[in-house]
Each structure stands twice: as structure tokens, then as C-alpha cells.
Amino acid sequence: MGLTWRDLVSSVTVVLMILAYTWFMYGMGSLLLSSAWAASAVELVLGSVCAVSAAGDLHTRPQPLQGLIFRKVTTVLGTIAVLAGLAGLIANSGRALEGLVVFTAFLWLTATIWHVLATGSGP
């Protein structure tokens with residue numbers, strides 16, 4: 001499979017997530033990043049784009065055993081990220097927002113590692 005345009009989209013999105021979180025933490029954000037719940041909403045949208053573009057193929061194509069393991073890891077990371085994002089929305093929590101960004105970044109990293117490992121192993 002190898003690296004694709006989807007990997008570029010997910011990479012740019014995860015960088016935007018980290019920048020948005022940094023802007024939120026240092027109070028440099030706009031109205032969209034003025035509170036933890038607003039930043040959580042923005043980060044949930046960005047996280048969804050990142051997750052779908054990074055790990056979509058893991059969940060839509062048949063995978064060998066190693067791919068199934070990566071699929072399970074990305075599922076767990078994505079679930080934790082979504083729950084953290086929802087907690088950030090509900091509780092207006094900066095810590096939950098941090099969890100969303102960190103777990104999404106690990107999901108992106110895991111999916112990217114899978115794409116590198118799968119380079120040359122099929123269509």
C-alpha cells in the first residue's frame with residue numbers, strides 16, 4: 001500500500017490539531033479556541049478528519065494478521081480520543097482536550113507506521 005495522499009491529509013490535520021491546542025493553551029486563539037469546550041469541538045472535527053484519512057483503509061479493506069492488530073490498536077486509540085473530546089465538551093475540560101489531541105496523534109502515528117510497514121505488500 002505505502003504512503004498516500006490520505007497520509008498527507010492526516011499529517012497536516014494532526015499538525016493543525018497540535019497548533020490549535022497550543023494556541024488554546026497560550027490564549028492566542030480566536031473565538032473558536034476561547035474555551036475548552038469550544039476548542040474541544042474544533043479538535044473533534046479535526047480529529048475526525050485525521051482518523052478517517054489516516055486509518056480508513058485499515059477498517060475498510062481486508063487485512064493480514066498484522067493489519068488486524070493495527071486495526072484494533074487504532075480502534076482503541078480512536079475510542080479513547082472521542083471519549084476525551086466528548087468529556088472536553090461536556091465538562092469544559094482542558095485536560096480532556098489534551099487527551100483528545102494526544103490520543104489522536106498516537107492514532108495517526110500508528111496508522112502511518114502501518115502504511116510504512118505495508119509498503120510494497122499489495123495494491
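Okay, here's what the table says:
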item	result
Val52 being open to solvent by 70 Å² or more (accessible area, probe 1.4 Å), out of contact with any Pro (no Cβ under 8 Å at 6 or more places or on another chain), under 16 Å from Leu3 (Cα atoms) and part of a helix (DSSP H, G or I)	yes
Residue that is nearest to the chain's Cα centre (by Cα), among those in region 55-68 that are of a type in the set (A, V, I, L, M) and surrounded by 15 or more Cβ atoms within 10 Å (Cβ to Cβ)	Ala55
Identity of the residue in region 24-49, surrounded by fewer than 18 Cβ atoms within 10 Å (Cβ to Cβ) and polar (S, T, N, Q), that ends up modelled with the lowest pLDDT	Ser30
Pairs with Cβ under 7 Å, 6+ apart, first in region 82-95 and crowded, with 17+ Cβ neighbours inside 10 Å, second of a type in the set (Asp, Glu)	Gly85/Glu43
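Table: residues versus (1) under 16 Å from Leu16 (Cα atoms); (2) open to solvent by 60 Å² or more (accessible area, probe 1.4 Å).
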{"position": "Lys72", "(1), (2)": "no, yes"}
{"position": "Thr75", "(1), (2)": "no, yes"}
{"position": "Ile80", "(1), (2)": "no, yes"}
{"position": "Gly99", "(1), (2)": "yes, no"}
{"position": "Leu107", "(1), (2)": "yes, no"}
{"position": "Ala111", "(1), (2)": "no, no"}
{"position": "Trp114", "(1), (2)": "no, no"}
{"position": "Ala118", "(1), (2)": "no, no"}
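The values are calculated or read from the model by the stated rules, or taken from the named source; none is laboratory data. Values in this document were obtained by computation on a predicted structure and should not be read as measured data. Ideal geometry is used to build each Cβ from the backbone, glycine not excepted, and the neighbour counts take in all protein chains shown. Note: accessible area is taken over every heavy atom of the protein model, side chains too, but ligands, DNA and RNA are not part of it. Shrake-Rupley method; radii C 1.70, N 1.55, O 1.52, S 1.80 Å.
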